[in-house]
Amino acid sequence: MSRRPRLIHGVLTLTVVVTILALNPRPEAPVYPQLSKPSVISAALQGYNAKSFSRVEAKLMYRGDLQRANWGAGAGNPDQLIWVVAVSGNYGISPSFGCCSAPADYPGHNTWGLAIFVDGPGPPNANEFAVSFHGDWPPFFDQLPDLAAT
């Protein structure tokens with residue numbers, strides 16, 4: 001009789017501890033990026049006159065954060081640390097509309113763009129870009145986390 005109540009007590013205690021740990025989110029561990037915010041912004045604006053853009057911001061996040069924003073950040077590793085630089089204005093390569101015609105609402109240039117940098121050693125190098133001519137700022141950017149701000 002003494003063995004069974006102790007086993008039940010142990011199982012109940014373990015269940016309570018696991019439930020508490022599962023329901024209480026762990027605090028985020030500090031992130032120590034290898035690239036800096038000024039360096040990725042400078043790299044994103046290389047070849048452009050920075051004064052021609054009304055707003056430029058960079059945020060450090062996990063790729064999964066960008067993927068969850070429904071932007072379509074590709075099928076990369078969601079745990080990969082990336083910098084996302086958003087630029088308001090005519091940024092990036094103009095879209096291609098195929099053989100026939102541009103959409104009726106196309107103003108003739110991009111109105112915002114993104115450059116994505118994988119955080120890692122060496123100089124910043126963006127291999128992913130996105131542009132749009134709808135609105136003047138990525139509609140999801142302000143809601144994205146910025147791990148560099150913590």
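The values are calculated or read from the model by the stated rules, or taken from the named source; none is laboratory data. Quick caveat: nothing in here was measured; it's all calculated off a predicted structure. Positions of Cβ are backbone-derived with ideal geometry, glycine not excepted, and every protein chain shown enters the neighbour counts. Just so you know, the surface numbers come from the protein's heavy atoms only, side chains and all, with ligands and any DNA or RNA stripped out. Shrake-Rupley method; radii C 1.70, N 1.55, O 1.52, S 1.80 Å.
Per the 1.4 Å probe, what fraction of the accessible area of region 33-150, in percent, lies on carbon and sulfur atoms?
Taking all protein chains in place, region 33-150 shows 53 percent carbon and sulfur surface.
Can you sort H109, H134 by solvent-accessible area, 1.4 Å probe, largest first?
Heavy-atom accessible area, descending, gives H134, H109.
Within the set of other residues whose C-beta is less than 13 Å from the C-beta of V56, count the net charge using Lys and Arg as +1 and Asp and Glu as -1.
Around V56, the surrounding residues sum to +2.
7 Å from Cα along Cα→Cβ at both I93 and S36: what's the point-to-point distance in nm?
3.1 nm
Ranking request for peptides 122-128, 36-42: highest mean number of other beta-carbon atoms within 10 Å first, then the rest in descending order.
36-42, 122-128
Would you kindly find the accessible area of D142, with a 1.4 Å probe and non-protein molecules such as ligands, DNA and RNA excluded, rounding to the nearest 10 Å²?
Its accessible surface works out to 80 Å², give or take rounding.
Given a Förster radius of 25 Å and the C-beta distance between R55 and S101 as r, what FRET efficiency does 1/(1 + (r/R0)^6) yield to the nearest 0.05?
0.25
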